[in-house]
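Asker: Pasting a structure below so you can have a look.
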């Protein structure tokens, strides 16, 4: 067999596996979040390069067509596996066999060697991808997005640990994947140290941000006026606007922002009249069982008058929220990367984030935002006041936020993914029969 360089080439067709959440779902509620954005944006970028992408996801409604075009060159295939309607992630392992069979049936009607690579997202998809890899004789590239051992080490108070079945499933996928894509060096280290991944198979590829949609706004007043119409409360230029964007669940810790806002008011009662706290998102995970928990917390803290709850949104409507805010808070207990942080910074809005997971990469501490080492209300109140109330500091961080976000793009992410696919395929072709790659 020739050298690796001789057989290395970009794939023609990629099978993307996203079992538990559809790329067509709205991020910010249910199981839809940053992973959905990642899958959609990288698939579109690959298609622009002439690579055909087919995304396999579970069909959750009888109204969904078997195949939907997400973009030119990108198809979403809805696979029947289990009942229509939402299934919790804890119920999905029982449907992996049915899902895999559905994907294999679909591929059986194609020409041999239709797909060149399988890219699985999240451990459930990795279990499916592992079987497809062996059946089709193509490499498996896997992105975990979150890791159970990392999450369990940083649980929010009262949150439920990830089950043993997931830990075992992740270990199996890590052992089998031809390449593991980590979003940050910290995630790569966790794969190696906690899951005993082969370092030679781990590649670090930072996610990106849509730099055409998330841009600094020329008219902040217009963005604030749009938010004011939605919340029914005036939002002036001198008002202090803090925003949380994401799924409402203990892991994402939106309660930290509310407690910090109450602390800010306790320290500076004059701030109440001009403080606005926006919580944008919907219930997810263990938060589904307590959909009013944040509403009740705001009442308990005595800040109902300054807190507004808004439904999830995407694209230009989301960019408008970012532009209206003085600061976006990302107080997660665990975060593999934090796409919200990048999107906000691309809009010129500083971020105050927890110093966990990939957030120290997504946020340049002291330059594009501030990192907080704990989740105490006092610590967050101090950081938010520094970044949002101090106009001089906010101006410096806003300029740094724009500059920092420019270093990330889906174009660069996709280039790195395609290179990883080609590398994995080349190694598989060059390896002697029966030798692990």
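Asker: For segment 103-112: of the residues being more than 26 Å from the chain's Cα centre (by Cα) and touching a residue at least 24 places away in the same chain (Cβ under 8 Å), which is surrounded by the fewest Cβ atoms within 10 Å (Cβ to Cβ)?
Answerer: 104
Asker: Okay, moving on. In segment 367-378, how many residues are touching a residue at least 24 places away in the same chain (Cβ under 8 Å) and either under 12 Å from residue 350 (Cα atoms) or surrounded by fewer than 23 Cβ atoms within 10 Å (Cβ to Cβ) (or both)?
Answerer: Going through segment 367-378 one residue at a time, the tally reaches 7.
Asker: Quick check: is even one residue across segment 409-422 at pLDDT below 95 and in contact with a strand residue (DSSP E or B) (Cβ under 8 Å, 6 or more places away or on another chain)?
Answerer: No, every residue in segment 409-422 fails to be at pLDDT below 95 and in contact with a strand residue (DSSP E or B) (Cβ under 8 Å, 6 or more places away or on another chain).
Asker: Residue check: is residue 409 more than 18 Å from residue 242 (Cα to Cα) and within 20 Å of the chain's Cα centre (by Cα)?
Answerer: yes
Asker: Right, next: Right, residue 89: surrounded by fewer than 18 Cβ atoms within 10 Å (Cβ to Cβ), closer than 16 Å to residue 21 by Cβ, in contact with a helix residue (DSSP H, G or I) (Cβ under 8 Å, 6 or more places away or on another chain) and touching a residue at least 12 places away in the same chain (Cβ under 8 Å) or not?
Answerer: When the stated conditions are applied, residue 89 passes them.
Asker: May I pose another question? From 37, 16, 51, grab the single residue that is closer than 19 Å to residue 245 by Cα, modelled with pLDDT of 90 or more and buried (at least 21 other Cβ atoms within 10 Å of the Cβ).
Answerer: Exactly one residue qualifies, and that residue is 37.
Asker: Return the residues of segment 322-348 that are touching a strand residue (DSSP E or B) at 6+ places or on another chain (Cβ under 8 Å), more than 30 Å from residue 153 (Cβ to Cβ) and crowded, with 24+ Cβ neighbours inside 10 Å; say none if nothing qualifies.
Answerer: 322, 324, 325 - these are the residues of segment 322-348 that are touching a strand residue (DSSP E or B) at 6+ places or on another chain (Cβ under 8 Å), more than 30 Å from residue 153 (Cβ to Cβ) and crowded, with 24+ Cβ neighbours inside 10 Å.
Asker: Go through the residues of segment 370-388 one by one and say whether even a single one is closer than 15 Å to residue 325 by Cβ and not in a helix (DSSP H, G or I).
Answerer: yes
Asker: Return the total of residues in segment 115-149 being surrounded by fewer than 18 Cβ atoms within 10 Å (Cβ to Cβ) and farther than 14 Å from residue 425 by Cβ.
Answerer: Summing the residues that are surrounded by fewer than 18 Cβ atoms within 10 Å (Cβ to Cβ) and farther than 14 Å from residue 425 by Cβ in segment 115-149 gives 3.
Asker: Here's a follow-up. Which of the residues that make up segment 154-170 are surrounded by 12 or more Cβ atoms within 10 Å (Cβ to Cβ) and in contact (Cβ under 8 Å) with a residue 60 or more places away in the chain?
Answerer: 154, 155, 156, 159, 160, 163, 165, 169
The values are calculated or read from the model by the stated rules, or taken from the named source; none is laboratory data. For clarity, every value in this text was computed on a predicted model and none was experimentally measured. Cβ atoms come from the backbone with ideal geometry, glycine included; neighbour counts cover every protein chain shown.
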